[in-house]
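The structure appears below as structure tokens.
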Amino acid sequence: MSSERMTVARAMTECLKAEGITELFGYPGAAICPFYDELYKTDIRHILVRHEVNAGHAASGCARITGKPAVCVATSGPGALNLITAIATAYMDSVPMVIITGQVNSEQIGRDVFQEADITGSAEPFVKHSYLLKRPEDTADVFKKAFYIAGTGRRGPVLIDVPFDVQQAKIDFEYPETVDIRSYRPSTRGNGFQIKRAITAMKEAEKPLICAGGGLFTGNGVELMRTLAEKTDIPVVSTMMGLGAMPSDSPLYYGMLGMHGRKAANAAVNSCDTLFLLGARVGDRAIAAMEHRRDLTVVHIDIDPAEIGKNIEANIPIVGDITLVLEQLLEQVNAFEQPLSHKGWREKLDGFRSDSEPEPVEQGYVNPKWFIRTLDKYLPEKSVIVADVGQNQIWTAANISLKQGRFLTSGGMGTMGYSLPAAIGAKCADKDAEVIAVCGDGSFQMQFMELATAVQHGINVKVIVMRNRYLGMVREVQERTYGNRLVGVSLDGSPDFCKVAEAYGIGNMLADSEESAVKGIKRLISSDKPFLLEVAVPELEKTIL
Amino acid sequence: MKHTISVLVENHAGVLARVAGLFARRGFNIDSLAVGVTDDENVSRITIVADGSDYTLEQIEKQLNKLIDVIKVKTLAPENMVSRELVLIKISCTAKQRPEVLSICELFRGKISDISANSVTIEMSDNTQNINNFEELLRPYGIKEIVRTGTIAIQKGEQAVTVKN
């Protein structure tokens with residue numbers, strides 16, 4: 001390939017094309033206009049969000065479905081700063097993303113000119129890496145590296161800040177085919193000695209357990225993990241980020257662990273003797289059950305060496321790509337002379353399975369647990385459920401079964417307002433999937449401007465608003481820990497959500513009985529346009545029983 | 001416990017900010033920091049003396065290694081390194097006191113780098129402990145100002161911390 005003379009702005013679009021980017025999420029402003037002007041001349045689809053943070057969440061939702069870096073764009077100063085929460089959200093959940101921001105003219109940097117913000121500095125704690133593109137001739141190299149860094153190793157967001165004058169500069173452009181960063185060599189295969197130790201631990205274990213984390217999705221290890229569990233007859237629990245890695249109807253699956261997890265899953269964690277952590281960083285909400293277990297052998301498999309031994313002590317650390325490590329383990333497992341069986345251990349865990357039917361609630365309301373389970377029955381196999389943060393997230397995570405679908409949520413950062421923009425991104429990534437955002441009336445009001453994005457671009461996402469007129473999760477904390485002194489949690493003054501949908505020209509319905517809920521679910525799923533279903537949840541309903 | 005960590009980084013703008021920021025936000029305490037270019041102009045060495053448990057040290061090393069611009073991280077064993085700081089000390093010193101001060105300097109291999117009617121500025125380089133001792137001996141004269149660099153350190157013997165090995 002020979003080089004071609006062009007502006008950096010044009011080169012930026014060429015880089016995106018070379019990386020296979022066909023859609024991006026953004027919000028323009030003066031400092032990024034040269035790039036937008038070049039975007040105009042390409043086939044790349046620009047999806048205009050209604051607030052920059054949602055460009056970030058949409059890219060995040062998109063990337064979590066494709067597994068490849070997705071792109072969001074904003075202008076300098078406030079535009080870039082508004083992205084930070086989304087960048088941090090993606091960073092915590094290891095989502096590959098490339099963020100492009102406009103910056104003021106190079107010579108004006110540091111002079112506090114209009115819409116100037118040090119975005120590389122401000123975002124530093126939340127990015128895997130960042131570039132301030134000062135030398136126009138570095139453009140191709142920087143973009144190539146940014147996509148490579150974002151999409152390999154432990155995935156994460158990479159920011160490229162491009163000053164206005166740099167965008168207009170002329171360069172000889174040629175996109176490199178390969179990339180080599182001497183200080184970045186993501187590890188791949190697991191250490192042979194540790195693999196051997198893990199296999200020995202697996203053979204010796206009487207009560208082994210697999211904990212499936214979100215890394216299985218980013219590392220494409222889901223199928224291999226299922227095979228491993230089936231071949232070794234080892235029960236599986238999952239973290240919230242790992243929901244869906246194991247099909248919920250599998251007899252080997254015992255549900256989500258942690259503070260809001262299933263009884264059987266936590267019982268498994270509490271009584272297992274060997275724990276295989278696969279792509280899970282065991283965050284503090286998941287870890288409580290595992291602390292102070294000196295008798296426990298932990299085999300921790302993760303791509304990021306810094307996660308091993310950070311939150312939980314690992315007896316057998318295996319750093320590597322989850323796919324390669326699982327292949328290494330399976331190679332050994334396939335050579336077992338006698339297949340493993342853990343019938344007794346599984347039967348003991350089966351005793352903890354409790355599937356009590358949700359209780360009926362007072363007239364005019366719908367039990368949220370019953371609602372999610374009912375929704376689950378009507379969902380097509382290939383569905384993406386995006387839960388927001390709060391009670392709605394817990395009800396959804398705990399009651400959705402996900403036959404073959406995906407569950408997305410802001411697991412690490414717990415960012416409210418994530419679900420609708422992330423659902424928009426997920427729908428862009430997989431146009432055949434049924435994509436549903438589930439949120440509360442608190443989080444809905446942080447994001448409902450994005451209904452316009454869905455309408456404008458014909459992105460067929462569905463929204464379920466669990467309305468209880470409270471910031472329910474915080475209210476529960478105040479009830480439990482602060483003597484029921486409720487402060488700042490009432491959502492009085494909220495609009496009629498169906499009328500909000502109406503205002504955007506979106507089909508809508510209120511579910512205030514089991515009958516209307518079923519009808520609403522059917523309408524929601526059959527609609528070929530965005531649809532909003534408001535669910536009247538009893539105001540004082542709890543997540544913890 | 002104090003740890004001396006030798007970090008080789010790409011010689012880019014902003015790398016020091018990334019390294020320092022990492023220490024700050026992860027709650028690692030830096031005792032001293034020294035930065036300088038290596039024989040390869042594209043590579044800088046940051047020598048950090050940090051305080052913390054073994055768990056902290058392990059996390060520091062792992063988190064530093066995650067920074068894209070960090071090429072190599074090596075914690076130097078105290079018994080297997082030569083470490084130096086440079087200090088400039090300005091003390092009150094009359095003409096009468098000069099012989100005494102000079103003899104202290106001789107003992108510690110300090111060098112007079114500036115002199116005025118009532119003051120002397122001494123330059124000395126050694127490990128942290130010896131510099132502290134030197135400082136204590138000069139304190140009675142009246143210390144006007146002390147300027148100390150961060151510690152730099154190098155492994156004893158043939159082994160070297162370089163990009164290649």
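No lab work stands behind these numbers, since they all come straight from the coordinates. All values derive from a computational prediction rather than experimental measurement. Backbone-built Cβ (ideal geometry, glycine too); neighbour counts: all protein chains shown.
What length, rounded to one decimal in nm, is gained on full extension from B:Asn130 through to B:Ser53, with 0.36 nm per residue of separation minus their alpha-carbon distance?
Here the segment from B:Asn130 to B:Ser53 would lengthen by 25.2 nm.
Taking the Cα centre of the stretch A:262-400 as origin, work out the dipole magnitude from +1 charges on Lys and Arg Cβ and -1 charges on Asp and Glu Cβ, in debye rounded to 20.
Magnitude of the dipole: close to 360 debye.
Any chance you could get the radius of gyration and Dmax over the Cα atoms of the stretch B:1-159, in Å?
18.5, 57
Taking a temperature of 37 °C and a viscosity of 0.692 mPa s, what whole-number D in µm²/s does Stokes-Einstein yield for the stretch A:142-282 with Rh from Kirkwood over alpha carbon pairs?
This corresponds to a translational diffusion coefficient of 183 µm²/s.
Go through A:Met473, A:Gln445, A:Ala426 and say which Cα lies farthest out towards the positive end of the charge dipole of the stretch A:421-494; charges sit on Cβ, +1 for Lys and Arg, -1 for Asp and Glu.
A:Met473
Let's see if you can work this out: charge +1 on each Lys and Arg Cβ, -1 on each Asp and Glu Cβ, no other charges. What is the dipole magnitude of the stretch A:29-128 about its Cα centre, in debye to the nearest 20?
Its charge dipole is roughly 420 debye.
For q values of 0.05, 0.06, 0.08 Å⁻¹, compute log₁₀ I(q)/I(0) with the Debye formula on a Cα-only model of the protein assembly as shown, without solvent.
So the normalised log intensities are -0.30, -0.43, -0.73.
In 5 Å bins starting at 0, how do the alpha-carbon pair distances of the stretch A:292-351 split up by percent?
Reading upward from the zero bin: 4, 15, 16, 16, 21, 19, 9, 1.
Determine the relative contact order of the stretch A:408-545: mean sequence separation of Cα pairs under 8 Å and six or more apart, normalised by residue count, in whole percent.
Worked out over the stretch A:408-545, it gives 25 percent.
Any idea what Rg and Dmax come out to for the stretch A:176-238 if you just take the C-alpha atoms, in Å?
For the stretch A:176-238, the Cα-based Rg and Dmax read 15.7, 52 Å.
In square nanometres, what is one fourth of the surface area of the convex hull spanned by the alpha carbons of the stretch A:19-116?
6.4 nm²
Tell me, in nm to one decimal, what length is gained between A:Asp350 and A:Lys529 on full extension, where the rule is 0.36 nm per residue of separation less the Cα-Cα distance?
60.3 nm
Please give the per residue volume of the convex hull enclosing the alpha carbon atoms of the stretch A:390-545, rounded to a whole number of Å³.
Per-residue hull volume (Cα only) is 121 Å³.
If you scale each eigenvalue of the Cα gyration tensor by 5 and take the root, what three semi-axes come out for the stretch A:372-473, rounded to whole angstrom and sorted largest first?
Ellipsoid semi-axes (Å, largest first): 19, 17, 11.
Taking the Cα centre of each part, how many Å lie between the stretch B:26-90 and the stretch A:491-528?
The distance from the Cα centre of the stretch B:26-90 to that of the stretch A:491-528 comes to 58 Å.
Give a residue-ordered list of calculated ³J(HN,Hα) values for the stretch B:136-152 (Karplus: 6.51 cos²θ - 1.76 cosθ + 1.60, θ = phi - 60°; whole Hz; x for Gly, Pro).
Each residue of the stretch B:136-152 in turn: 4, 5, 8, 4, x, 6, x, 7, 8, 7, 10, 10, 10, 8, x, 6, 10 Hz.
Apply 1/(1 + (r/R0)^6) to the Cβ-Cβ distance of A:Gln332 and A:Arg294, taking R0 = 35 Å, and write down the FRET efficiency to the nearest 0.05.
0.80
Please list, by residue number, every one of the GluC sites (Glu not before Pro) in the stretch A:349-445 that is coil in DSSP and has at most 14 other beta-carbon atoms within 10 Å.
Of the GluC sites (Glu not before Pro), the ones in loops of the stretch A:349-445 whose Cβ has at most 14 other Cβ atoms within 10 Å are A:Glu362, A:Glu381.
Just want to confirm a number: the relative contact order over chain A, from Cα pairs under 8 angstrom separated by 6+ residues, in percent.
Over chain A, the number comes to 13 percent.
Mind listing P(r) for the stretch B:1-76? All alpha-carbon pairs, 5 Å bins, whole percents.
With a bin width of 5 Å, the distribution comes to 3, 17, 32, 28, 14, 5, 1.
What does the average come to when, for each residue of peptide A:121-133, you count the partner chain Cβ atoms lying within 10 Å of its Cβ?
Mean shielding count: 3.
Per DSSP helix of 4 or more residues, -39500 (n - 2.57); summed, then divided by the residues of chain A. What does that give at 222 nm, rounded to the nearest 500?
Counting only the DSSP helices, I get -10500 deg cm²/dmol.
From zero up to wherever the largest Cα-Cα distance of the stretch A:239-287 sits, split into 10 Å bins and tell me the percent of pairs in each.
25, 64, 11
With charges set only on the Cβ (+1 for Lys and Arg, -1 for Asp and Glu), what does the dipole of chain A come to about its Cα centre, in debye to the nearest 20?
Computed charge dipole of chain A: roughly 680 debye.
Nearest 0.05, what FRET efficiency do B:Thr149 and A:Lys542 give at R0 = 56 Å with Cβ-Cβ as r?
0.40
Using a simple spin-label model with points 7 Å from Cα along the Cα→Cβ vector, what separation in nm is obtained for A:Asp273 and B:Ala17?
If labels sit at A:Asp273 and B:Ala17, their model points lie 5.4 nm apart.
Given contacts defined as C-alpha pairs under 8 Å and at least six residues apart, what's the relative contact order of the stretch A:424-496, whole-number percent?
RCO, the stretch A:424-496: 31 percent.
Regarding the stretch A:82-145, what whole-number volume in Å³ per residue does the convex hull of its Cα atoms give?
84 Å³
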